[in-house]
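Q: One structure follows; several queries about it will come next.
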Amino acid sequence: MKEQLSLHLAAVKRWLKRVAPPIFALLKALNQWRERLWASPLAYVWRNSHLGHAFGLALFRLTQGRLSSASTSYLIFDASLRLHRYQQASWMADAARRRWPDAIDVVAMQCTLALRAGALPEALALLEHCLFAADYRAVDRVLFRTGSRPRDLQQSDEVFRWLSHRADLDLTRRSYALVADAYLILRLKRVARAPELVSALEAMAERLRSDRATTCCPQSNRQNLGKLYVSISSALYHLALLEGDMPLLARCWQRFADFSRAIDRDRMNADALFRMSSNLGRGLALGFLLDPRQHGTVRSDALTLLNAWTTANAAGLAPRRRIRGRTPQENHLLFLKQLQNRSEELHRAGDAVTPQACRHWARLLNHSSEGSLTDTIAALVQRQLNEPEP
């Protein structure tokens with residue numbers, strides 16, 4: 001009896017050895033297919049919809065993550081943040097930590113939550129871990145998602161300064177940290193910090209200006225050199241207005257003007273070009289803030305370039321992508337047309353322009369959250385319009 005049982009067990013083991021490898025290979029292939037499907041554009045839309053997010057979260061809870069992975073749990077965490085469901089994001093991070101304690105996806109989640117909570121010692125230690133693993137998700141969240149930043153502006157300033165000095169970060173992320181810090185000091189009205197940031201940003205701007213790839217960069221949105229150049233120049237002109245630095249303002253306008261003429265639309269990434277279009281339009285309109293006694297026909301030149309830029313965007317770019325969730329939040333083409341119309345009104349009115357018209361135009365030019373800068377812009381444009389062009 002025992003011999004027969006042993007023979008049966010041996011036969012079962014041989015059978016398992018034969019069938020187990022193809023079964024495991026099939027399961028692995030199915031899991032890889034599921035991961036690819038979950039990361040696809042259509043899955044992105046579904047995952048970030050309220051219904052899709054609720055389904056994914058319920059499935060994770062029901063299976064306790066057994067049918068999931070650390071990377072998939074991060075996608076659910078990210079969707080929770082996008083939908084402003086912060087308690088769910090915290091729960092997901094805790095559940096993922098219990099199941100995959102050593103996964104870098106879990107570290108990225110914990111880092112984002114620590115940054116948002118303002119727990120800087122813990123957050124910076126976790127950021128070090130992420131950077132060592134070349135994982136930049138927490139960095140990108142704090143740079144590009146205001147809801148993932150510390151609520152205390154002083155702490156946000158500390159994080160941006162820390163990131164801008166990291167040698168293990170690429171040029172684009174270090175530069176965007178400087179850009180974020182520039183807009184932050186506008187809110188804090190730290191005029192004393194402005195020269196330091198202007199110096200760093202101008203060095204980056206000149207580096208990009210001398211790089212031929214800047215005008216024809218095929219990289220996507222956040223890695224696109226052209227979009228970075230426009231973002232840096234936009235931050236610089238806001239700092240120039242904060243300091244009342246007219247030479248810097250003139251340099252900013254010249255950079256925007258030269259860049260708009262040099263862009264290679266056939267080679268530049270179309271999505272990045274679309275996303276930078278509003279800021280570039282604002283930069284071209286800066287000519288209205290310059291003194292025509294020093295800069296000649298700068299207002300006419302600015303209006304010509306702005307009209308050409310608006311026309312090119314209307315003709316050459318689709319106003320929106322079809323896949324919801326990947327679409328830029330701003331309607332850039334509508335904004336450009338509004339800016340173009342307001343600028344034409346100012347140009348026609350000249351020294352007869354009204355304070356109300358100047359203020360409407362100034363609101364379009366102020367891309368920061370510092371409202372007092374709108375008053376500065378309105379007063380400056382009205383003063384410059386009192387001087388006729390030669």
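Q: Quick one: how many Å² of H347 are accessible to a 1.4 Å probe, rounded to 10?
A: My reading of the accessible area for H347 is about 70 Å².
Q: I need the peptides 298-305, 266-273, 209-216, 175-182 ranked by packing, meaning the mean over residues of other C-beta atoms within 10 angstrom, with the highest value on top.
A: Details: 298-305: 19.5, 266-273: 17.1, 209-216: 14.9, 175-182: 23.9.
The most tightly packed comes first, giving 175-182, 298-305, 266-273, 209-216.
Q: Which value, in Å², gives the accessible area per residue of the chain when a 1.4 Å probe is used on the protein heavy atoms?
A: 50 Å²
Q: Please tell me the relative contact order of the stretch 124-200 in percent, rounded to the nearest whole number, where contacts are Cα pairs under 8 Å and at least six residues apart. Kindly include the intermediate steps, with their values, before the conclusion.
A: Values: 47 pairs, mean separation 16.7, N = 77.
Relative contact order of the stretch 124-200: 22 percent.
Q: What does the accessible area of E345 come to, in Å² to the nearest 10, when a probe of 1.4 Å is used?
A: 80 Å²
Q: Same structure again: How fast does the stretch 218-377 diffuse by Stokes-Einstein, in µm²/s, taking the Kirkwood radius from C-alpha pairs at 25 °C and 0.890 mPa s? Could you put the intermediate results ahead of the total?
A: Details: Rh = 16.1 Å.
Rounded, D is 152 µm²/s.
Q: Moving to a separate point now. Subtract the Cα-Cα distance of D291 and D170 from 0.36 nm times their separation in residues, and report this length gain in nm to one decimal. Show your work: numbers first, answer last.
A: Details: separation 121, 0.36 × 121 = 43.56 nm, distance 3.81 nm.
So the chain would gain 39.8 nm between D291 and D170.
Q: Could I ask something else about it? Suppose the chain between E387 and H84 were pulled fully straight at 0.36 nm per residue; how much longer would it get relative to their current alpha carbon spacing? The partial results should precede the final answer.
A: Values: separation 303, 0.36 × 303 = 109.08 nm, distance 4.94 nm.
Additional length available on full extension: 104.1 nm.
Q: Within the stretch 231-388, what whole-number % of the accessible surface is contributed by carbon and sulfur, with the 1.4 Å probe and all protein chains included in the calculation?
A: Values: 3230 of 6900 Å².
C and S atoms contribute 47 percent here.
Q: In degrees from 0 to 90, rounded to the nearest 10, what is the angle of the helix 372-385 Cα long axis to the longest principal axis of the chain?
A: Roughly 30 degrees, rounded to the nearest 10.
Q: On a 1.4 Å probe surface of the protein chains, which of W361, W100 comes out largest in accessible area, and what is the full order? Show your work: numbers first, answer last.
A: Working: W361 0, W100 50 Å².
Order by accessible area, largest first: W100, W361.
Q: Now for a separate question. With each run of n ≥ 4 DSSP H residues scored as -39500 (n - 2.57), what mean residue ellipticity at 222 nm is computed for the chain after dividing by its residue count and rounding to the nearest 500 deg cm²/dmol?
A: -24000 deg cm²/dmol
Q: Another question about this same structure. Over the chain, with a Gaussian network built from C-alpha contacts below 10 Å, which listed residue (F77, F55, F335) shows the highest mean-square fluctuation?
A: Among F77, F55, F335, the largest mean-square fluctuation in the Gaussian network model of the chain belongs to F55.
Q: Measure off 7 Å from each Cα along the Cα-to-Cβ vector at R212 and T63, then give the distance between these two points in nanometres to one decimal.
A: Between R212 and T63, the label points sit 5.1 nm apart.
Q: Right, another one. Determine, for the chain, the count of lysine pairs separated by eight or more sequence positions (or lying on different chains) whose alpha-carbon distance falls under 29 Å.
A: Numbers: K2/K13; K2/K17; K13/K28; K17/K28; K189/K227; K227/K337.
Value for the chain: 6.
The values are calculated or read from the model by the stated rules, or taken from the named source; none is laboratory data. Since the structure is predicted, the reported quantities are computational estimates derived from the model, not experimental observations. Every residue, glycine as well, gets a Cβ built from its backbone with ideal geometry; the counts of neighbours run over all protein chains shown. Side chains included, ligands, DNA and RNA excluded: accessible areas come from the protein's heavy atoms. Shrake-Rupley method; radii C 1.70, N 1.55, O 1.52, S 1.80 Å.
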